[in-house]
Amino acid sequence: MRHRPLVPKPGSAEHSGPPPHPKPTLLPSCNGALTLGSMIVQVLGCSGSIAAGCRTTSFLLDDDVLVDAGTGVGDMPLDALARVDHILLSHSHLDHVLSIGLLADSVMRERNVATRGPIQVHALPETLAALRTHIFNGVIWPDFTRLPSAEQPMLALVPIAVGDVLEIGGKRIEVLGAVHTVPAVGYAVDAGSAGWWVYTGDTGPNPALWARLASMRVAHLVIETAFRDDERQLARISRHLCPAALGHELQQLAGSIDVHITHIKPGERATVMAEIAQLGSPHKIRALEIGDVMRLERGLEFARA
Ligand SMILES: [Zn+2]
Ligand SMILES: [Zn+2]
């Protein structure tokens, strides 16, 4: 299901107009409260690399949680950037973490005035260690876990583990395993009666994922296909999927699910999607685009503590 985006597509007429004000429809739940509304997932970036019109991986959940922080984050208006309280990272690769430091720099003044506290960056311990060592080291970028002051920093690094169920921004989010060249995860976000929004992260073949999804009602699956079939050897050694490998993976997913392909390299989209069309999969498969919005209608639910 696609809706009008909260953040305009880059280069659109809306982009230069007044900044939009996303209206979160998810009411905060408390013990035994009724929760009404929907969860909105907006695609900020879904490309395997950069080129005009291509942005690397980032999804905005409602208006306060980013899943990965690729170059797509740079298209958000400043006031929307300042509302981001959480970043969930899939792994340490540059195309997924590149905007964290720039985001921290951009929103520092506004968040300090509003005393919003640090942005929580949730990731595997190995991913957080990589950020400390290779990005927030004072050489590539200042250490925003100690700036503007050690007492009130802009970023807080929060370790997670596969299997954890996080309560973030009023959402229940499970950490899924991924199989990549560095420690990596995916995420499943619980939208109650609407089902789960699932993001695989960067991954090669991943039997544990399908075992876990077998007991979830998946509403949307965002899965990578980084390479075309004639680059299958490259896909194999870099722990990514090509269309043939995707077909094998999707055979392990029951039903007919909305499947969204992400992380295609710039210029490869037509070829990759033509190869995917040849799979004859029972799932509803389409290529993700910048500005796509997935709305998961939750309806009336009884939220338990
Ligand atoms: Zn990667
Ligand atoms: Zn990637």
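The values are calculated or read from the model by the stated rules, or taken from the named source; none is laboratory data. Model, not experiment: these values are computed from the prediction. Note: ideal-geometry Cβ built from the backbone for every residue, glycine included; neighbour counts use all protein chains shown. Heavy atoms of the whole protein, side chains included, go into the accessibility calculation; ligands, DNA and RNA do not. Shrake-Rupley method; radii C 1.70, N 1.55, O 1.52, S 1.80 Å.
Here are a few things to note about the model shown:
- Lone unmet requirement of (1) touching a residue at least 24 places away in the same chain (Cβ under 8 Å); (2) within 16 Å of ligand 2 (Cβ to nearest atom) for GLY195: (2)
- Here the range 122-147 is the region considered, the condition is being buried (at least 21 other Cβ atoms within 10 Å of the Cβ) and not hydroxyl-bearing (Ser, Thr, Tyr), and the residue that is farthest from THR181 (Cα to Cα) is PHE144.
- Checked against the criteria, ARG212 counts as modelled with pLDDT of 95 or more, open to solvent by 60 Å² or more (accessible area, probe 1.4 Å) and either touching a Leu at 6+ places or on another chain (Cβ under 7 Å) or within 15 Å of ligand 2 (Cβ to nearest atom) (or both).
- The range 82-112, subset modelled with pLDDT of 95 or more, of a type in the set (Asp, Glu) and more than 16 Å from ligand 2 (Cβ to nearest atom), residue nearest to VAL175 (Cα to Cα): ASP85
- Members of the range 75-114 found to be of a type outside the set (Gly, Ala, Ser), within 16 Å of ligand 1 (Cβ to nearest atom), open to solvent by 10 Å² or more (accessible area, probe 1.4 Å) and in contact with a helix residue (DSSP H, G or I) (Cβ under 8 Å, 6 or more places away or on another chain), listed by number: ASP95, LEU98
- When restricted to residues that are assigned to a loop (DSSP other than H, G, I, E, B) and either more than 26 Å from ASP62 (Cα to Cα) or more than 15 Å from ligand 1 (Cβ to nearest atom) (or both), the range 194-229 contains 11.
- If you go through the range 148-165 and keep only what is in contact (Cβ under 8 Å) with a residue 40 or more places away in the chain and surrounded by fewer than 18 Cβ atoms within 10 Å (Cβ to Cβ), you end up with PRO148, GLN152.
- Within the range 52-74, tally of residues that are away from ligand 1 (no atom under 16 Å from the Cβ) and assigned to a loop (DSSP other than H, G, I, E, B): 5
- Check on GLN278, modelled with pLDDT of 95 or more, within 23 Å of the chain's Cα centre (by Cα) and either of a type in the set (S, T, N, Q) or more than 10 Å from THR225 (Cα to Cα) (or both): no
- Lone qualifier among ILE50, ILE119 - being open to solvent by 30 Å² or more (accessible area, probe 1.4 Å) and either in contact with a strand residue (DSSP E or B) (Cβ under 7 Å, 6 or more places away or on another chain) or closer than 22 Å to ASP292 by Cβ (or both): ILE50
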